[in-house]
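Below you'll find the structure, written out as structure tokens, and then a few comments.
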Amino acid sequence: MNDLRRTLLWSVFAVSLLMLWDGWLRHTGQASLFAPAPTVAEAPASAASVTGVPSAPVAAQAAAPAVVSSASAPAAPHELITVTTDVVKATVDSDGGSLVKVELLKHKSQQADQNMVVLDKTAAHTYVAETGLIGSAAGQTLPNHTTPFVVVSKDRELAPGAESLVLTLESAPVNGIKLVKTYTFKRGDYAIAVKQDVVNASGSAIRPTLYLQLTRDGSTAEANSNPASFMGGPVAYTGMAVYNAKGKYQKLAFDKLAEGKVEFEKADDNGWVAMVQHHFASAWLQNDPVQREFYGKKLATNLYATGMLFGLGDIAAGQSKSFESTLFVGPQEENKLKALAPGLEYTKDYGWTHIMAAPLFWLLDKLHGAIGNWGWAIVALVVLLKAAFYWLNASAYRSMAKMKALNPRIQQLRENMKDNPQQMQQEMLKIYREEKVNPIGGCLPILIQIPVFIALYSVLSSSVEIRNAPWIGWIVDLSVKDPFYVLPALMTLSTLLQTWLNPTPPDPVQAKMMWIMPLLFSVMFFFFPAGLVLYWLTNNILSIAQQWFINKQLGVTQ
């Protein structure tokens, strides 16, 4: 039974180590051990070759408009307009009036001297927010995200003491129709109010459809590596998402979309669309009960779009109509996402661990609110979890302590009966029965806690709140590795101390492996974010204290 127990433990440990190594390979961009190497993403198609204008909704029964021609929209000077608030630096392209870059001033990228960029449009990367109009009649062209716009507002920076900054753009007339876009950036807010005024200066009524769209290539961003995958947690999702009351949170993965294998609820009077990556997201929101159609499609090679279509009804000649929505571009701060729109917090994707991870984050957030420091909140959370599992852990440690006390007898028995393994096993079982020791009694409590630990690991790695959060002294960012490797070194020492407290295997080879394997395992922690290492280190210290106390209580010599 002792050998069975050790075989079980080493099997679990070996599988865990294999998963860790596979996670590290995927984390560093190498091929997975269990899947073929990913194909290299092709460069996104240029704006010149793809219009990206969505088709009209089914109800409109009209084809998508063509690219705006110079005959219907005289060319205006091209301009990139940059506006700055206290939290974002945003760039709007006068060609289409689209938001083509959003830099988050409060969040650093993995290159510590640079701010995090979410939306961006370069030769190598496309990720933009677009809007426009679709005509109701076949071939009817209206202003869309390829139409030239001119800026009619002057402010470019949020003034001291001001609560908002307004940027207004007006399209060139297209068949007598003008579209006016007004972006309102608020102080301390990543949600941008977007108002669109449709002005009908033509001689007849129109019945346009408005689209709100996010366009992105299929490449992964630097924020996509989720350390939770090292421990069997969810790999960070990068792709589109749709939410409505009928279908709830629905993922539209790029690869599945390209294969035509994505199904989702396409119509409702509520909901939103989003582009999701690790720690950050963008989303078009409209919380009023207005009928809408959702779409997600592949525009071209490695270029995808998701959006919503809204029918604006009839607009008589000489009249105008306004439509208001919200564009969110920022960090996945769970509490703020909940306040913006129903279900938006699901863009912070815990994967299969959600059922346990969500309440754990709630508790961690409450602790942070009371303590004011995410590092100490992590320590406090581990203390509470260890307290919750105290009796389970105590049972495991008592079993291990009794096994440690029996080791001299077991060693002697193995030596005396090494030529008769069957009788040796029988005598060992007899000793266990007499001493009321279960050789695998220390395994079950630990196995029960594994899902909780993985869920907590997922919380720590998925929470952007931990990003750029300091703890003490040299730990100025809990989301990146310890710059001086102090925490990983302490983690290694604590693991070795735990090994010393555990029963020594009777087999000399196993005894050596019991010391070598923890060292190999601890190497991984030198590359983990400091917040995750702090979690494991705190867990180890509390485990050592409890195990030491129980060993002393039972009179087991260390």
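The values are calculated or read from the model by the stated rules, or taken from the named source; none is laboratory data. Fair warning: this is a prediction, and the values are worked out from it, not measured in the lab. Counting neighbours? That spans all protein chains shown, and the Cβs are built from the backbone with ideal geometry, glycine included. SASA here: full protein model, heavy atoms, side chains in, ligands and nucleic acids out. Shrake-Rupley method; radii C 1.70, N 1.55, O 1.52, S 1.80 Å.
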Exercise. In square angstrom, rounded to the nearest 10, how much accessible surface does Asp419 have for a 1.4 Å probe?
Worked result: 140
For this session: Just the number, please: carbon plus sulfur as a percent of the accessible area of the range 367-427, 1.4 Å probe, no ligands or DNA/RNA counted.
Result: 56
Exercise. Could you give the nm distance between label points at Gln110 and Ile448, where each point is 7 Å from its Cα heading toward the beta carbon?
Worked result: 3.9
Seminar exercise, completed: Result for the range 76-119: accessible area per residue, probe 1.4 angstrom, in square angstrom, of 41
Exercise. Accessible area per residue of the range 271-398 at 1.4 Å probe, in Å²?
Worked result: 39
Exercise. Quick one: how many Å² of Thr538 are accessible to a 1.4 Å probe, rounded to 10?
Worked result: 20
Exercise. Carbon and sulfur together cover what percent of the accessible area of the range 248-296 at a 1.4 Å probe radius?
Worked result: 46
Exercise. Roughly how many Å² is the accessible area per residue of the range 152-216, as a whole number, for a 1.4 Å probe?
Worked result: 40
Seminar exercise, completed: XL table Lys154/Lys195; Lys101/Lys195; Lys246/Lys338; Lys186/Lys266; Cα-Cα > 26 Å flagged, in table order, is Lys186/Lys266
For this session: Rounding to the nearest 20 debye, state how big the charge dipole of the range 323-371 is about its Cα centre with +1 on each Lys and Arg Cβ and -1 on each Asp and Glu Cβ.
Result: 120
Seminar exercise, completed: Looking only at lysines whose Cα falls under 20 Å of Lys108's and that sit 8 or more positions away or on another chain, we get Lys89, Lys121, Lys336, Lys348, Lys481
